[in-house]
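Following: one structure in structure tokens, then a few remarks.
The values are calculated or read from the model by the stated rules, or taken from the named source; none is laboratory data. All figures in this text were calculated on a predicted structure; none of them were measured in a lab. Note that we place each Cβ from the backbone using ideal geometry, even for glycine, and neighbour counts take in every protein chain shown.
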Amino acid sequence: MTLAWVGLYLAAVVALGAVAQRRLAASGEDFFAASRSFGPFVLLMSLFGAHMTAFSLLGASGEAYGRGVGVFSLMASSSALVAPVVFLFVGTRFWELGKRHGWLTQVELVRERWGSEGLALALFAALAFLVVPYLLLGILGSGVTLAEVSGGQVPRWAGSLAATAVVLVYVTAGGMRSTAWANVFQTLVFLVLGGVTFALIVGDLGGLSAALARVDPALLHHGERIRPWELVSYALIPLSVAAFPHMSMHWLTAKRAETFRLPVVAYPLCVAAVWLPSVLLGVLGSAAVPGLAGPAASGVLLRLIEQHAPAALASLLAAGVVAAVMASLDSQVLALSTLFTRDVVGRLRRARPLSPRGELAAGRLFVAAILAAAFGLSLVVDRSLFRLGVWSFTGFVGLVPLILAALFWRRATAAGAWASLVAAAGTWTWFFLGKGGPEAPVGPSGLMPVVFVAGAAAVALVAVSWATRPPARERLEKFFPGEAA
Amino acid sequence: MADRSARPVRGRPSPALATWAVLTALFLAHHDVWLWDAPHRLAWAGGLPAGLLYHVAYCAAAALVMVWAVRRFPWSRLDRLDRTEGSGEGAPSPAGTPGPGGAPP
């Protein structure tokens, strides 16, 4: 019964992809950016669906299971402010430049900004490297979900394979258009079903107040489980939105600049609507399903659904979790495919450019290759979804100074950009290879690695840019027309 | 919608400065050290812990500030791009682009 509902849901998503395919024009721009044609609601839902991953549902509830309600302040309320600010200032600027010059990726932006093929290639490598753990979040999350809701009948690898296959079908069918349509559908599904899940479980536990009374009081405040400097450090994590390739691709789909108004205003409320039930259910799960440890805690939400929701609804609710997982997986895969097609194949074939149909075929081929590789990796990775996500976000935050400089700082030089990239990569690698996790305090500071990665990248960018010759006026004219003094 | 950033008023702080001041204040308000060790639950809020309720209210406050910020953002400069250009290389560029302050640099 459970699997039948999930199967039905997956079939509905595939059908959406098929409908989108009918409207697909045979061009890379339509496949990768839906010809920049989306309105405010589709933009909001697709941005939100792409941003909210298994990290937000399974990872957040798993983390709250062990660390309490403070997890909401670590990730949700900081995202509620930082993400819309990034959309408003960085998103609109990227949209403007992309529309004016026909760019589809951050790599194209950086190549044109500093005229360096090597820098563009290095940024491509960094973005691709950092998206992979993010992809794994989705693939692992779908495996965990389907294994839990089927009571172990479906092994994790088979659950991951099913979700991967469905994403493969609808992304290759319609590219950005089917991805965005599927995201609208899936985001609505997980928002509605998330609320239903919360109400059903809390009702079965005797009401919110009674259920919270059974929770260890230490989980109901920050206390010693969350350090003050950790909260400060975490506030930087949502800045990663500025460097996510899948978010910037969605920005480019906006029909007009003012399309951004609704996403900017509604985003904080959408974040709260998803994270509040997730975090609260994780906390309630600590009393209702005790004894989960390590990566197993990521399954607490599914355990609660299984134990406290009516059987018929449990399967539908599980489909909602799969929806959230796939809504981000599709965007990340499409973004990686765009990067490969435009920034690797497109550059290698500069002398003999791909035809629109060739670009489309290459895009589809890369979607399939990336999903196959990510699925293979998911078979050998067994880490906490939350930790995996925070490492990835930490790396993306390290790229933010470079992206901001490309968009806003006329004085930034190619050497400065290189220095920033090297500093971010070096510090991230140093911390990753060290003993502590992405949340471990660095020395006596109490700050997390993300602060040092972003700090090193920003200092290197500014110092080296000031020490080197300013960029040529002609190059700046493309970015700062009429003001490139 | 009025494009307020395009109408600076003499003697008042610039719109970009005011926007960033409000955003910075909201950012600082995120770090609620005064509720750090407050485990008490609020009966009128369904028993939610005070610290959690604060951060939920913070999200609502962020939405309200965004309503204010988008009203001050210079959309008209970007929408000129919609009216005068299509996508693709070689299209003419409008003068002036919004800077990180929400107003032209």
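Couple of notes before you dig in:
- Where B:Pro39 falls short, out of the listed (1) facing another protein chain (nearest Cβ under 7 Å); (2) in a helix (DSSP H, G or I); (3) at pLDDT below 75: (2)
- Test for A:Gly151: is it out of contact with any Cys (no Cβ under 6 Å at 6 or more places or on another chain), assigned to a helix (DSSP H, G or I) and more than 14 Å from chain B (Cβ to nearest Cβ): no
- Checked against the criterion of being touching a residue at least 40 places away in the same chain (Cβ under 8 Å), buried (at least 19 other Cβ atoms within 10 Å of the Cβ) and farther than 30 Å from A:Arg23 by Cβ, the candidates A:Leu388, A:Leu336, A:Leu360 yield just one match: A:Leu388.
- A:Ala12 passes every criterion in (1) surrounded by fewer than 24 Cβ atoms within 10 Å (Cβ to Cβ); (2) on the phi > 0 side of the Ramachandran plot apart from (2).
- Filter pass, A:Leu407 being in a helix (DSSP H, G or I), in contact with a Leu (Cβ under 9 Å, 6 or more places away or on another chain), modelled with pLDDT of 85 or more and hydrophobic (A, V, I, L, M, F, W, C): yes
- Scanning the stretch A:99-111 for residues that are in contact (Cβ under 8 Å) with a residue 12 or more places away in the chain and at the interface with chain B (Cβ under 8 Å from one of its Cβ atoms) yields A:Lys99, A:His101, A:Gly102.
- For the stretch B:1-28, a tally of residues being at the interface with another protein chain (Cβ under 9 Å from one of its Cβ atoms) and modelled with pLDDT of 85 or more returns 3.
- Near pairs, Cβ below 7 angstrom, 6+ apart or cross-chain, from the stretch B:48-73 (at negative phi and facing chain A (nearest Cβ under 7 Å)) to any residue that is of a type in the set (S, T, N, Q) and part of a helix (DSSP H, G or I): B:His55/A:Ser73; B:His55/A:Ser77; B:Tyr58/A:Ser77; B:Cys59/A:Ser77; B:Ala69/B:Thr19; B:Phe73/B:Ser5
- So A:Trp114, is it in contact (Cβ under 8 Å) with a residue 40 or more places away in the chain, aromatic (Phe, Trp, Tyr) and in contact with a Leu (Cβ under 8 Å, 6 or more places away or on another chain): no
- In the stretch A:264-319, the residues that are in contact with a Ser or Thr (Cβ under 9 Å, 6 or more places away or on another chain), of a type in the set (Gly, Ala, Ser) and either at pLDDT 85 or above or closer than 14 Å to A:Leu205 by Cα (or both): A:Ala272, A:Ser278, A:Gly282, A:Gly285, A:Ala309
- Listed by position, the helices (runs of 4 or more DSSP H) contained in the stretch A:189-305 that have at least 3 residues being surrounded by fewer than 23 Cβ atoms within 10 Å (Cβ to Cβ) and in contact (Cβ under 8 Å) with a residue 24 or more places away in the chain are A:228-234, A:261-288.
- Of the set (1) assigned to a helix (DSSP H, G or I); (2) touching a residue at least 60 places away in the same chain (Cβ under 8 Å), all apply to A:Ala15 but (2).
- Among the residues listed as A:Val289, A:Val265, the single one being farther than 28 Å from A:Leu371 by Cβ and either in contact with a Cys (Cβ under 7 Å, 6 or more places away or on another chain) or within 14 Å of chain B (Cβ to nearest Cβ) (or both): A:Val265
- Residue in the stretch A:68-85 that is among the small types (Gly, Ala, Ser), assigned to a helix (DSSP H, G or I) and either surrounded by fewer than 22 Cβ atoms within 10 Å (Cβ to Cβ) or more than 10 Å from every other protein chain (Cβ to nearest Cβ) (or both) present: no
- Some residue of the stretch A:155-167 being part of a loop (DSSP other than H, G, I, E, B), at pLDDT 80 or above and either surrounded by fewer than 20 Cβ atoms within 10 Å (Cβ to Cβ) or β-branched (Val, Ile, Thr) (or both): yes
- Selection count where residues are more than 7 Å from every other protein chain (Cβ to nearest Cβ) and modelled with pLDDT of 50 or more, scope the stretch B:74-105: 6
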